[in-house]
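Down below is the structure, laid out as structure tokens.
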Amino acid sequence: MAGEIDDAIERADRESFTREPPKTLKGQIGYLIRQLGSAKAVAAEIGVTADSVNRYRRGARKHARADVAAKIDDAVRQRWQPQVRRRRQRQAAATGGITVETRARFGYTAPVGTTDDGRFRRLTVHLPPAYAQRLFDARDAGASDQQMRGIIAEGLKDVYFQDGGARAMGLSDVEINDIDYLDLDY
């Protein structure tokens, strides 16, 4: 199951589409057959028979069951415009950085005499390109949602909590917990 960070990256990728993916069932199946090479491969991907895929392709079936339609839509969106996605991600990792908008409980380890109680905060913070690169590399390597949260938390610690080294130097670990929402833009 995809985690919150993975979902946020996927949403940001979808926003980069320069054209909309096919909307009709016939168009979506045709696209998947071109991408995967055969009706059998598409059937294995979406969990139906190859005959069903061929019926969708020919237009003999105009509508798929809701669960199958959702799988088809997800499969198309995952494969749609990979060059556009890669270009946007390369740009974010090289020069643009990544903007994190979230409402979550942040906890941290701080020196004695300061408050380290976690509390909900709504933050919109632009992280430097190095954090975008680390986040994309971790996702490509199959990192868990917790590991990707750690990368974002480290970026928020450096940029937001410590203001690039100008304050809160005793702050060591920042954790993101109880995420209400998290959105990424690059």
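The values are calculated or read from the model by the stated rules, or taken from the named source; none is laboratory data. Please read all numbers here as calculations on a predicted model, not as lab measurements. No Cβ is skipped: glycine too gets one built from the backbone with ideal geometry, and neighbour counts run over all protein chains shown. Areas reflect the complete protein model, heavy atoms only, side chains present, ligands, DNA and RNA absent. Shrake-Rupley method; radii C 1.70, N 1.55, O 1.52, S 1.80 Å.
Couple of notes before you dig in:
- Among the residues of the stretch 42-52, the one identified as out of contact with any Lys or Arg (no Cβ under 8 Å at 6 or more places or on another chain), assigned to a helix (DSSP H, G or I) and β-branched (Val, Ile, Thr) is 42.
- Qualifying residues in the stretch 6-41 (those that are in a loop (DSSP other than H, G, I, E, B) and touching a Lys or Arg at 6+ places or on another chain (Cβ under 9 Å)) - the one farthest from residue 97 (Cα to Cα): 24
- Set 107, 47: member being more than 22 Å from the chain's Cα centre (by Cα) and farther than 30 Å from residue 126 by Cα: 47
- When residues of the stretch 147-179 are limited to those that are part of a loop (DSSP other than H, G, I, E, B) and open to solvent by 60 Å² or more (accessible area, probe 1.4 Å), the one modelled with the highest pLDDT: 173
- The single condition among (1) at pLDDT below 90; (2) at negative phi; (3) surrounded by 14 or more Cβ atoms within 10 Å (Cβ to Cβ) that residue 87 does not satisfy is (3).
- Leading residue by the ranking (least open to solvent (accessible area, probe 1.4 Å)) among those in the stretch 103-146 that are aromatic (Phe, Trp, Tyr) and at pLDDT 90 or above: 136
- Subset of the stretch 1-18 that is open to solvent by 60 Å² or more (accessible area, probe 1.4 Å) and modelled with pLDDT of 85 or more - its residue that is farthest from residue 153 (Cα to Cα): 11
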